[in-house]
Amino acid sequence: ENTLYLNTATQQTTIALYGDNKVLAENRWPSLHDEAEKLQPAVDELLSSNKLSPDDIGRLIVCVGPGGFTSVRIGVSAVNVWSFAKQIPIAAVSIFDLYPSSEAIVVVSANSNEAWLKFPGKDPQWIHQEHLKLLPSFSYVGIINDAWKKILNDLGGNFLDLSEALPKIDALFFEQQVI
């Protein structure tokens, strides 16, 4: 069954096509506040280059954040419309699900002072930089602005420049209802 993945929540928009539970094709580009205009043409191109039409998609995956309200809304709205029109199921993933390293702290910066942090084995937490207390040395990954990189590096952090991973389909729960 063909599955389409959309992530408009991060600083890099990602679309991917799955078949037989493996990635067949993907496309990534920097998010420049024009995803509403770019997303559908990019999906059309991804499908046509793989000799597929929208009718060939049987499941959808969407990244639901954290991220900017408008950017998340673009991806979620696109998936909601497609799911409703075609009556196909959706699975939702968090940005935190897209970093497979269990030893690194995942950071998603919101602005220069606040971020989401997910420590290994714990739930994500919202934190202001003045309340940040970490180990003397640590590794971190994520969607991070330069201000947060400086803060974390000054605290002894080592940024692992890992690209976000595409979701593993076999670990997802697909629902018929629209999210």
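The values are calculated or read from the model by the stated rules, or taken from the named source; none is laboratory data. Given the structure is predicted, the values throughout are model-derived calculations rather than measurements. Neighbour counts run over all protein chains shown; Cβ positions are idealised from the backbone, glycine included. Surface areas here come from the heavy atoms of the whole protein model, side chains and all, with no ligands, DNA or RNA. Shrake-Rupley method; radii C 1.70, N 1.55, O 1.52, S 1.80 Å.
From the residues in the range 1-30 that are crowded, with 21+ Cβ neighbours inside 10 Å and among the polar types (S, T, N, Q), which one is farthest from the chain's Cα centre (by Cα)? Result: THR3. Which one of these does ASP123 not meet: (1) in contact (Cβ under 8 Å) with a residue 40 or more places away in the chain; (2) open to solvent by 60 Å² or more (accessible area, probe 1.4 Å); (3) closer than 19 Å to VAL141 by Cβ? Of (1) in contact (Cβ under 8 Å) with a residue 40 or more places away in the chain; (2) open to solvent by 60 Å² or more (accessible area, probe 1.4 Å); (3) closer than 19 Å to VAL141 by Cβ, only one is false for ASP123: (1).
Being in contact with an Asp or Glu (Cβ under 7 Å, 6 or more places away or on another chain) and not polar (S, T, N, Q), is that true of even one residue in the range 67-74? Yes; the residues of the range 67-74 include at least one that is in contact with an Asp or Glu (Cβ under 7 Å, 6 or more places away or on another chain) and not polar (S, T, N, Q).
Checking each residue in the range 145-164 for being within 21 Å of SER94 (Cβ to Cβ) and either buried (at least 19 other Cβ atoms within 10 Å of the Cβ) or aromatic (Phe, Trp, Tyr) (or both) picks out TRP148, LEU152, PHE159, GLU164.
Selection of the range 79-107 for residues being among the small types (Gly, Ala, Ser), open to solvent by less than 30 Å² (accessible area, probe 1.4 Å) and touching a residue at least 60 places away in the same chain (Cβ under 8 Å) yields SER83, ALA91.
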